[in-house]
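Undergrad: Have a look at this one before I ask anything.
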Amino acid sequence: MQIAGGITYDPIGTASATSTGPNDVKTVTPPEGTDAMALSIESPAIRVTFDGKKPTPHHGLKLVGPDHFLAVGKRLKFASVEPGRQVTVNFLWLKARAKPRQP
């Protein structure tokens, strides 16, 4: 059996949020229908959680800028990993679309 195909993504929205340190946790909710996201992270690094728990300097997925793609379309929490260091994260929300099959 051969399975071939691909997925493309269409942008459906944007958002931006800024954290000023590990105790300044931001909650970001994507629009309905989001399948993935592209993130642009300014310095310093952030910690991200998708389970509703508070990210800390040692808990959560650590992302270091500048850009990331995540095939996740759910609410997340993030915070800067460094006290007193502000970080802005820009989000591009994406909707998956199957590529047409080539004969």
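Undergrad: Testing the spin-label approximation: label points 7 Å from Cα along Cα→Cβ at Asp51 and Lys95. State their distance in nm.
TA: 3.2
Undergrad: Given the pairs Lys77/Lys99; Lys54/Lys74; Lys62/Lys99; Lys26/Lys74; Lys26/Lys53, which span a C-alpha to C-alpha distance of over 23 angstrom in this model?
TA: Long pairs (Cα-Cα over 23 Å): Lys77/Lys99; Lys62/Lys99.
Undergrad: A follow-up question, please. Just want to confirm a number: the relative contact order over the range 45-89, from Cα pairs under 8 angstrom separated by 6+ residues, in percent. Intermediate values should be presented prior to the final figure.
TA: Values: 63 pairs, mean separation 22.5, N = 45.
Once divided by the residue count of the range 45-89, the mean separation gives 50 percent.
Undergrad: If you place +1 on the Cβ of every Lys and Arg, -1 on the Cβ of every Asp and Glu, and leave all else neutral, what size is the dipole of the range 1-101 about its Cα centre, to the nearest 20 Debye? Don't skip to the end; give the middle numbers.
TA: Numbers: 13 positive and 8 negative charges, 53 e Å.
So the dipole magnitude of the range 1-101 works out to roughly 260 debye.
Undergrad: What's the carbon and sulfur percent of the range 22-103's accessible surface, probe 1.4 angstrom, rounded to a whole number?
TA: Here carbon and sulfur together make up 51 percent of the probe-accessible area.
Undergrad: Additional query: Using +1 at the C-beta of Lys and Arg and -1 at the C-beta of Asp and Glu, which of Ser43, Val81, Leu70 has the Cα lying farthest in the positive direction of the dipole of the chain?
TA: Positive-most Cα among the choices belongs to Leu70.
Undergrad: List the longest stretch of the chain that has no exposed loop site; here a site is one of the trypsin sites (Lys or Arg not before Pro) assigned by DSSP to anything other than H, G, I, E or B, with at most 16 other Cβ within 10 Å.
TA: 1-52
Undergrad: Continuing with this model, one more query. Pro11: net charge of surrounding residues, Cβ under 15 Å, Lys/Arg +1, Asp/Glu -1, itself excluded? Please report the intermediate quantities before stating the final value.
TA: Values: positive: Lys95, Arg97; negative: Asp10, Glu32, Asp35, Asp67.
Net of charged neighbours comes to -2.
Undergrad: Still on this structure, I have one more. Quick one: if you take sqrt(5λ) for each eigenvalue of the C-alpha gyration tensor of the range 50-92, what semi-axes come out, biggest first, whole angstrom?
TA: Semi-axes from the Cα gyration tensor: 17, 14, 9 Å.
Undergrad: To two decimal places, what compactness ratio does the chain give when its Cα radius of gyration is scaled by 2.2 N^0.38 Å?
TA: 1.22
Undergrad: At 1.4 Å probe size, with every protein chain present, just tell me what the per residue accessible area of the chain comes to in Å².
TA: Accessible area per residue, the chain: 62 Å².
The values are calculated or read from the model by the stated rules, or taken from the named source; none is laboratory data. As the structure is a computational prediction, the values presented were derived from the model and not from experiment. Virtual Cβ from ideal backbone geometry, glycine too; neighbours counted across all protein chains shown. Protein only, heavy atoms only, side chains kept; ligands, DNA and RNA dropped before computing areas. Shrake-Rupley method; radii C 1.70, N 1.55, O 1.52, S 1.80 Å.
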